[in-house]
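Report on one structure; see the data block that follows.
Derivation of every value follows stated rules applied to the coordinates shown; laboratory data play no part. The structure presented is a predicted model; accordingly, all values stated were derived computationally and were not measured. Quick reminder, even Gly has a Cβ in these numbers, built from the backbone with ideal geometry, and neighbours come from all protein chains shown.
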Amino acid sequence: MDAHKKVAFYTLGCKLNFSETSTIARNFQNEGFERVGFEEAADIYVINTCSVTENADKRFKSIVKNALKKNDKAYLIAVGCYAQLKPEELAAVDGVDLVLGATEKFKVTDYLNDLSKNDMGEVHSCEISEADFYVGSYAVGDRTRAFLKVQDGCDYKCTYCTIPLARGISRSDTLENVLNNAREISEKGIKEIVLTGVNIGDYGKGEFGNKKHEHTFHELVQALDAVKGIHRLRISSIEPNLLQNKTIEFVAQSNSFVPHFHIPLQSGSDALLKLMKRRYLQQTYTDRVTAIKEKMPNACIGVDVIVGFPGETDELFLETYNYLNEMDISYLHVFTYSERPNTEAVDMPGVVPLKTRQKRSKMLRGLSVKKRRAFYESQLQTEQSVLFENENKDGYAQGFTENYVKVKTPWNPSLANTIHRIVLTEIDEDGLVRFDWCWFASPTQLQWIQDRKKRMYLG
């Protein structure tokens, strides 16, 4: 295939997928391709799939249709988790030309010369046991933050989850590679790095089934904090049983790590946690939240929770609801349980009707709104640092504080990708937080104030 053609990408699922999409995109760019937006006409469309929920599966067909509307002669390539689990299904979707599994997705450019439009997509997959090597990646989505992959795969056997089948065993990048990638990201002027992986607390396991931890997650955190030039480091999601108290203590006094933790719970019921084959019970989760809040009272804590898991009675759901209501947490990511093939949960008794799942999901989403509001209110009149995004959102610049409070101020392009000290003052009607600049205004802020005064005077 000729160089200087256009390629577009669409990513479904998690931050890890975004980091891998960016790496695949750089491979295309090294081959002379121009990366364009997915809404534009391109010669090749690459869709990075997800298998976590049924909804992500269904979206794939509509994404393919939209791509072909832009260019009906374009080549469609499917990669990612669902491409590993159900390659034949994706290959059968009208318009799909190539499906690459877990071991092949990073070699996609090797197939470009052999691409051809066929009635049926070509599949290159593998047994998931062969996915035992590591490919480092990071995503540079905009100028403000990057997603840095440090770990892949999972050795856990949660009864609802297909990720081990889609991504293989737990393995990690070397400490040296992670640090080099972090330096490379910071040299691009990016202010925040988010650590991603399937199970990042398991960091340190080597390739090819080597279970010896060459380095621990705690050692990774310590090493990254010492890298010069990094302004912010954020931990994406970490299992409660793998988040050590010494790591919490280190983050509390670190140079770069921010007071924000996302810790999956899945259920507040010990009975359901056992059915899910999670590796902790409710008390462990309580202990971690307590430890965080003792060291970092202003820390933001996000929670993953599943509703409608088989065996979840009204009583067990209320146990989860009441537990979360009482806990000092900041927001919820609510997942409605969906049956996934080749998981233990599919055959479990006590199936929860779909309408009941949806009702419970709505209740927890409402609780999340309440929790986020309460957390934001607790942060009013506190001094924070904010990293502004580079996008004009309806006339406003938006950004996040270190502890993940979303703020807004009238748009000023000079604020993009800059960090400033502010005092949070009030919650706006849209749920975002207004603020005052700290008294020691930066040159950027002073210029913005002067320009605004001029506009007010002239207007």
task: For GLU122, list long-range residues whose amide hydrogen, built 1.01 Å from N in the peptide plane, is under 5 Å from its own amide hydrogen.
output: LEU98, VAL99
field: Positive dipole terminus of the range 132-258, leading residue within ILE200, PHE147, PHE250 (C-beta point charges)
entry: PHE147
task: Filter the GluC sites (Glu not before Pro) in the range 324-368 to those in DSSP coil with at most 16 other Cβ atoms within 10 Å of their Cβ, and list the result.
output: GLU339
statement: FRET efficiency for LEU179 and GLU31 from the Cβ-Cβ distance with R0 = 35 Å, rounded to 0.05, comes out at 0.80
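Whats the longest run of the chain with zero chymotrypsin sites (Phe, Trp or Tyr not before Pro) that are DSSP loop and have at most 11 other Cβ atoms within 10 Å?
No qualifying site falls inside 209-438, the longest such stretch.
In the range 212-260, what GluC sites (Glu not before Pro) fall in a loop by DSSP, with at most 14 other Cβ atoms inside 10 Å? Before the final figure, lay out each step's value.
Numbers: sites: GLU214, GLU219, GLU249; in loops: GLU214.
Within the range 212-260, the qualifying GluC sites (Glu not before Pro) (loop, at most 14 other Cβ atoms within 10 Å) are GLU214.
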- prompt: Got the relative contact order for the range 132-258 handy, in percent, Cα pairs under 8 Å and 6 or more residues apart?
  reply: 25 percent
Relative contact order %, the range 220-332, counting alpha carbon pairs below 8 Å whose residues are six or more apart: 28 percent
Lys/Arg +1, Asp/Glu -1 at C-beta; the chain dipole; positive extreme among ILE163, ALA271, GLN384: GLN384
query: With each label point set 7 Å from Cα along the Cα-Cβ vector, what nm distance links VAL423 and ALA374?
result: 2.7 nm
statement: Honestly the range 6-126 on the Cα gyration tensor test (a ≥ b ≥ c root eigenvalues; a/c under 1.5 rounded, otherwise a/b vs b/c for prolate or oblate) is just rounded
statement: For the chain (alpha-carbon point model, no solvent) the Debye-based log₁₀ I(q)/I(0) at q = 0.09, 0.10, 0.12, 0.14 Å⁻¹ works out to -0.65, -0.81, -1.17, -1.50
- prompt: Calculated from DSSP H runs of 4 or more alone, at -39500 (n - 2.57) each and per residue, what is the 222 nm mean residue ellipticity of the chain, nearest 500?
  reply: -10500 deg cm²/dmol
message: For LEU318, project a label point 7 Å along Cα to C-beta. Then give me every residue of the range 333-365 with its amide nitrogen under 15 Å of that point.
response: 360
message: Straight-line reach from LYS277: which aspartates and glutamates fall under 14 Å, measuring Cα to Cα and dropping same-chain residues less than 8 apart?
response: ASP155, GLU239, GLU344
task: Taking 7 Å along the Cα-to-C-beta vector as the label spot, tell me the THR109-GLU344 distance in nanometres, rounded to one decimal.
output: 4.3 nm
query: Calculated FRET efficiency, LYS65 and ASP304, Cβ-Cβ r, R0 41 Å, to nearest 0.05?
result: 0.85
